[in-house]
1. Hey, what did region 108-231 get for relative contact order, percent, Cα under 8 Å, at least 6 apart?
2. Remind me, relative contact order of region 19-95 in percent, using alpha carbon pairs under 8 angstrom and six or more residues apart?
3. Looking only at the chain, where both bridge partners belong to it, what percent of the DSSP beta bridges are antiparallel (to the nearest 5)?
4. Give the shape of region 3-223 as rounded, prolate or oblate, defined through the alpha-carbon gyration tensor: a ≥ b ≥ c are the square roots of its eigenvalues, a/c under 1.5 means rounded, and otherwise the shape is prolate if a/b is larger than b/c and oblate if not.
5. Between residue 171 and residue 223, what length comes free when the chain is fully extended (0.36 nm per residue of separation minus the Cα-Cα distance, one decimal in nm)?
6. Among the GluC sites (Glu not before Pro) within region 99-182, which fall in a DSSP loop and have no more than 11 other Cβ atoms within 10 Å of their own Cβ?
7. Report the trypsin sites (Lys or Arg not before Pro) located in region 117-168 that are in a DSSP loop and have at most 16 other Cβ atoms inside 10 Å of their Cβ, or state none.
8. Which entries in 23/159; 127/159; 62/215; 31/190; 30/127; 10/185 show an alpha-carbon gap greater than 25 Å?
Amino acid sequence: MVLEVREVNKVYGQGETAVNALKDVTFSVKKGEFVLVGGSSGSGKTTLLNMIGLLDRPTKGKILIDGIDTSSLSDNQISSFRNSKLGFVFQSSNLISDLTVLENVVLSRKIQRTDENALEEAIKLLKSVGLENQMNKYANKISGGQAQRVAICRALINKPSIVLADEPTGNLDSISAETMIQLLKSMNRKLGQTFIVVTHDREQFGEVDKVITVKDGRISEDKGMEVPVKV
Ligand SMILES: Nc1ncnc2c1ncn2[C@@H]1O[C@H](COP(=O)(O)OP(=O)(O)O)[C@@H](O)[C@H]1O
Ligand SMILES: [Mg+2]
């Protein structure tokens, strides 16, 4: 298991105004799985992703990544653990606009070892998302769809155990969104990369390994199969 979420609860605030954003959430993810997280607005999807991404701590319960209980790590240990084990793609790409596309990816390299390979690795990734002709452009001179593809490369450059994406197609037109989805799925297959993706648009993704639906802070799980067409 690359991820184990065990009885995770998250309460925001205290007393009368407390919000129980996650209630006894338990599930696990195997290496190489493509997992979608769905549910309506305010159901707790981002809170769940923030817990898994070690951006915030659960009020109760445990998150294990690669078998390591992250609740036992100090805040300092958590940041270096996050840098080496997790990659993030958000709704907006947040590229550094006065750097080139290639520089944005190279400079996201956080693992110290074998850094002479960072440039080579970044070029390979950018080619694999079809951006070989955009690498030397400044990041503010490319389209939103292209910027999200750069964001995928930036998330993958550290070879993370899990890539977490929170509505990565949320700001894209339907054609760019479709390209993005196909790229995420092909990275999953080609690299055996584990993905956990929050989306409003479950149908667009087609068949996946698992779908987790969040409703009012509780989850239900199903196999991410498309309903077979009856003949
Ligand atoms: N930092 C916060 N402080 C207080 N309440 C929050 C905070 N973040 C989220 N919430 C509340 O937790 C619930 C789940 O929010 P969120 O995880 O953002 O849902 P989703 O991503 O599914 O739209 C909502 O009721 C939201 O208002
Ligand atoms: Mg959200």
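Values quoted throughout were computed directly from the atomic coordinates according to the rules given, and no laboratory measurement underlies them. Note that the structure is a prediction, hence the values are computed from the model and not measured. We place every Cβ from the backbone using ideal geometry, glycine too, and count neighbours over all the protein chains shown.
1. Relative contact order, region 108-231: 19 percent.
2. Working: 29 pairs, mean separation 15.1, N = 77.
Contact order relative to length: 20 percent.
3. Details: 21 of 38 bridges.
Approximately 55 percent, going by the DSSP bridge assignments.
4. Judged from the Cα gyration tensor, region 3-223 comes out prolate (a/c at least 1.5, a/b above b/c).
5. Contour length minus Cα-Cα distance gives 16.0 nm.
6. Loop-located and lightly packed - 132.
7. Details: sites: 124, 127, 137, 141, 149, 154; in loops: 137.
Taking region 117-168 and a limit of 16 other Cβ atoms within 10 Å, the loop trypsin sites (Lys or Arg not before Pro) found are 137.
8. Values: 23/159 31 Å; 127/159 16 Å; 62/215 20 Å; 31/190 13 Å; 30/127 28 Å; 10/185 30 Å.
Beyond 25 Å between Cα atoms: 23/159; 30/127; 10/185.
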